[in-house]
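Please read the structure below before turning to the comments.
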Amino acid sequence: MAEITGRFAPTPSGRLHLGNIACAMLCWLSARCRGGRMLLRIEDVDGPRCPRGLTDKCLSDLDRLGFDWDGATVFQSERGDVYQAALDRLAAKGLTYPCFCTRAKLHSEAAPNLGDTQYIYAGTCRGLSAEEAARLKALRTPAIRLRVPDEMIAFTDGLCGTVRENLARECGDFILRRSDGLFGYQLASVVDDALSGVTEVVRGADILTATPRQIFLQRCLGFPTPAYWHIPLLTDAAGRRLAKRDGDTDMDTLLNRHSAGEILGALAFAYGILPEYVPASLSELLSRFSWEKVRKKSGGTVRLPEGFPKTQQDNQRI
């Protein structure tokens, strides 16, 4: 059997929060409990949104919580040539085309894709002649889109079961490189997973709709498809969605009010790994982890234990 290789791939556009740490924990436990490798990738391909200062804080937070990694950390901001090579391969197969649509035009002509921040692209630029594309390129730098088929892409998620999406009808031709030159999430993620030998991807259920697109892109590039586990949304003990504005997800705040063991223990309880809330290190959780325990908690949201996270008032009373 091939060695299990997992990865945690945060985007440092803000501080890590509890949802990120839950994902990192489940990724790490899933790979380590089977003797596999665990990789760290920083998805900072959008440099203006991901300053190095936030990346450094992300790395520090993970270290304080006890995570360790195999191999060097990969920074997407340093891999533009790799993504361009993949884009060139797709172009050589006739699978891409330039798109000159402005954001305003897309919003005015396309209906939003339910549950996603993207829009179903109507294929406005798909049939442009070479002459028309050259004329428009002299006026505006285009984005690059991938041609998608009118067919169903299906896969079985480890927690969500069978997922199906018709790319043509539910998302349309999607962007691989933006008009400002930045590479799209779908392309960068697929290329890095494949070239790093990733065999399983653990991430939030909010990314579930991106997976059929990535599977199609893997097929176009001749890459294998990893196993997927999309974990449920995390809420507080009352079922309230955690929000940065409430100050209860920021790792600065959390690590000032809780030990690393308290944070990991709370997340392990929320996702069913522990039957009660007790502090626990990653090494202590290894023997307790199984996806079957997490699966029993899936299908909606998972809740943190009562009294976690502590508030400023809680700390003052203590």
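The values are calculated or read from the model by the stated rules, or taken from the named source; none is laboratory data. Because the structure is predicted, anything quoted here is derived from the model rather than measured. Every residue, glycine as well, gets a Cβ built from its backbone with ideal geometry; the counts of neighbours run over all protein chains shown.
Looking at residue 187 and the list (1) more than 26 Å from residue 290 (Cα to Cα); (2) without any contact (Cβ under 8 Å) to a residue 60 or more places away in the chain, which single condition is not satisfied?
Unmet condition: (2).
Just checking, does the range 68-78 include any residue being surrounded by 13 or more Cβ atoms within 10 Å (Cβ to Cβ), in a helix (DSSP H, G or I) and either of a type in the set (D, E, K, R) or at pLDDT 95 or above (or both)?
yes
Residues are listed down the side, and each one gets a yes or a no for (1) surrounded by fewer than 18 Cβ atoms within 10 Å (Cβ to Cβ); (2) touching an Asp or Glu at 6+ places or on another chain (Cβ under 9 Å):
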| residue | (1), (2) |
| --- | --- |
| 6 | no, yes |
| 12 | no, yes |
| 22 | no, no |
| 31 | no, yes |
| 42 | no, no |
| 45 | no, no |
| 60 | yes, no |
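Yes or no: the range 185-199 includes at least one residue that is assigned to a strand (DSSP E or B) and either within 18 Å of the chain's Cα centre (by Cα) or of a type outside the set (A, V, I, L, M, F, W, C) (or both).
So far as the range 185-199 goes, no, none of its residues is assigned to a strand (DSSP E or B) and either within 18 Å of the chain's Cα centre (by Cα) or of a type outside the set (A, V, I, L, M, F, W, C) (or both).
So which of 223, 183, 155 ends up being aromatic (Phe, Trp, Tyr) and buried (at least 21 other Cβ atoms within 10 Å of the Cβ)?
Criteria check complete, one pass: 183.
Do you know which residues across the range 233-281 are among the β-branched types (Val, Ile, Thr), surrounded by 20 or more Cβ atoms within 10 Å (Cβ to Cβ) and at pLDDT 90 or above?
Within the range 233-281, 263, 273 qualify.
Each row is one residue, and each column tells you yes or no for (1) in the same structural domain as residue 179 (by TED's automatic domain parsing); (2) surrounded by fewer than 16 Cβ atoms within 10 Å (Cβ to Cβ); (3) modelled with pLDDT under 95.
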| site | (1), (2), (3) |
| --- | --- |
| 87 | yes, no, no |
| 98 | yes, no, no |
| 114 | yes, yes, yes |
| 119 | yes, no, yes |
| 122 | yes, yes, yes |
| 126 | yes, yes, no |
| 145 | yes, no, no |
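Among residues belonging to the range 158-175 that are over 9 Å from residue 212 (Cβ atoms) and touching a residue at least 40 places away in the same chain (Cβ under 8 Å), point out the one that is surrounded by the fewest Cβ atoms within 10 Å (Cβ to Cβ).
169
Of a type in the set (A, V, I, L, M, F, W, C), surrounded by fewer than 19 Cβ atoms within 10 Å (Cβ to Cβ) and either part of a helix (DSSP H, G or I) or modelled with pLDDT of 95 or more (or both): does that describe residue 215?
When the stated conditions are applied, residue 215 does not pass them.
Just to be sure, is residue 224 at pLDDT 95 or above and part of a loop (DSSP other than H, G, I, E, B)?
In short, yes.
Determine whether residue 259 is polar (S, T, N, Q), within 21 Å of residue 27 (Cβ to Cβ) and either in contact with a Lys or Arg (Cβ under 9 Å, 6 or more places away or on another chain) or outside the structural domain of residue 153 (by TED's automatic domain parsing) (or both).
no
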